[in-house]
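Have a look at the structure below, then the notes.
The values are calculated or read from the model by the stated rules, or taken from the named source; none is laboratory data. Remember, predicted model here, so these are calculated numbers, not experimental data. Neighbour counts are summed over all protein chains in view; Cβ atoms, including those assigned to glycine, are modelled from backbone coordinates with ideal geometry. We work out accessible area using only protein heavy atoms, side chains counted, and drop any ligands, DNA or RNA first. Shrake-Rupley method; radii C 1.70, N 1.55, O 1.52, S 1.80 Å.
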Amino acid sequence: MNTRLYRCIGKGFCGSVWALEDASTAIKREDGGPGRSVTNDYNMHILVLQSASRHLSPSSPVRIQQCYALVQPADVWWQDRLQQFPAGYSACRAIVLERILKIIRCIGDKIVDLFCADDPELCQSVKSNPDDDACLIRPYLGRRRRYNQDGGESRFRRFSLRNVPLHIDQMEMLGMDAAAYAEAITEALAMMHWGAHIDAGDVEFVLAPSRAESSTSSVFRSAYLGTHSLWILDFDCCQRFEMDEAGVEKACEAFFKNDPFYPRPGSEEAADEERWKVFKRRFLVASRRILGGSGGDAALPERLIEMIENEGNARRRRKEELVRSY
Ligand SMILES: Nc1ncnc2c1ncn2[C@@H]1O[C@H](COP(=O)(O)OP(=O)(O)O)[C@@H](O)[C@H]1O
Ligand SMILES: [Mg+2]
């Protein structure tokens with residue numbers, strides 16, 4: 001009997017993610033909310049891998065984890081493995097993935113010191129929480145960290161290293177090249193839209209260590225975070241779209257629904273608006289590389305950007321009206 005036990009390293013609405021200590025694979029179980037499907041996750045993931053192999057340049061810092069298998073509840077795969085899960089867990093549909101390595105502990109500790117500097121008790125409890133060991137960083141290029149009215153930082157009573165949001169102003173404060181991350185995200189988004197024809201609904205971008213064999217020209221380096229890559233994960237909410245107006249509408253909706261990984265148009269801050277303009281320019285360049293400059297589909301990226309800008313401006317107007325009505 002195999003006595004090594006799976007440990008939960010992540011949880012979302014679709015399922016829970018498990019790994020054996022030091023293993024290079026992770027298991028995503030379909031044991032989350034109803035209507036979520038690891039089968040769709042698997043199918044979309046394969047499309048993204050195929051598109052990435054065609055469209056990501058060798059020097060791209062974007063990585064897609066390998067997707068090894070879709071496992072059914074009755075598969076023999078479970079025979080030896082079920083006993084390695086905690087009591088009460090049953091066989092279910094699952095996918096076997098390449099594991100994304102966590103940010104090493106000492107870097108995680110530095111992040112805790114930075115985020116919770118004003119709360120030594122919280123610092124200590126996060127640092128000693130074994131669940132916080134599975135640290136991945138979410139680059140939020142479209143959001144600043146919130147400050148409360150008197151200018152002080154809002155105090156997070158709860159803080160977890162599992163999926164730490166790193167906001168644009170914090171990236172800048174840490175001397176990270178925000179433009180380089182924006183470029184990687186645009187390249188990834190264009191690759192998913194125009195290469196895989198999926199809306200990228202609810203995908204997650206995380207900063208995490210690079211694969212050992214990564215070439216030195218295709219990684220991010222930061223004094224603070226060390227060498228790392230931009231990984232994309234969680235494809236279960238993605239949907240295929242047709243290369244037409246309705247497809248672009250789907251992509252636009254997904255753009256705004258996702259967590260704020262992308263700079264957005266319609267901000268009151270000049271710096272944010274500038275960031276959106278850079279993102280837009282780069283997105284169009286990356287899209288042209290994939291679709292070519294002419295032909296039936298070549299106009300779709302421009303159309304998507306136009307829709308995103310219209311929606312961003314409409315949101316801004318609604319916000320201004322709301323403020324005026326108070
Ligand atoms: N391949 C992986 N390697 C390491 N951690 C992962 C991997 N896939 C997912 N995770 C972690 O598990 C969490 C939940 O997985 P996710 O695919 O987002 O599930 P859900 O679809 O339920 O949101 C992620 O946010 C991430 O922290
Ligand atoms: Mg998720």
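I need the full set of residues from region 226-240 which are open to solvent by 10 Å² or more (accessible area, probe 1.4 Å) and over 13 Å from the mean Cα position of the chain (by Cα), in order please.
G226, T227, Q239, R240
Residue pairs, Cβ under 6 Å, 6 or more apart or interchain, first in region 77-89 and more than 11 Å from N2 (Cβ to Cβ) and modelled with pLDDT of 95 or more, second open to solvent by 60 Å² or more (accessible area, probe 1.4 Å) and aliphatic (A, V, I, L, M). List them.
Partner pairs satisfying both residue conditions: none exist.
Return the pair list, or none, for Cβ contacts closer than 6 Å from residues in region 269-283 that are surrounded by fewer than 12 Cβ atoms within 10 Å (Cβ to Cβ) to residues that are of a type outside the set (D, E) and part of a helix (DSSP H, G or I), at least 6 apart or on different chains.
No pair meets every condition.
Being part of a loop (DSSP other than H, G, I, E, B) and either under 30 Å from Q50 (Cα atoms) or within 23 Å of the chain's Cα centre (by Cα) (or both) narrows it down to one of D297, D272, so name that one. Steps first, please.
Values: D272 fails: part of a loop (DSSP other than H, G, I, E, B).
D297 is the lone residue from the list that is part of a loop (DSSP other than H, G, I, E, B) and either under 30 Å from Q50 (Cα atoms) or within 23 Å of the chain's Cα centre (by Cα) (or both).
Six or more apart or on different chains, Cβ under 7 Å: which pairs go from a residue in region 159-172 that's more than 15 Å from A134 (Cβ to Cβ) to one that's open to solvent by 30 Å² or more (accessible area, probe 1.4 Å)? Could you list them?
Final answer for the pair search is H167/R143; H167/R144; I168/R143; I168/R144; D169/R144.
Looking only at region 201-223, which residues are open to solvent by 40 Å² or more (accessible area, probe 1.4 Å) and not aliphatic (A, V, I, L, M)? If you could, list the steps in order and put the result at the bottom.
Keep residues of region 201-223 that are open to solvent by 40 Å² or more (accessible area, probe 1.4 Å), which gives 202, 211-213, 215-217, 221, 223.
Result: D202, R211, E213, S215, T216, S217, R221.
A254 fails exactly one of the following numbered conditions: (1) more than 16 Å from ligand 2 (Cβ to nearest atom); (2) assigned to a helix (DSSP H, G or I); (3) under 30 Å from G295 (Cα atoms). What is the number of that condition?
The number of the failed condition is (1).
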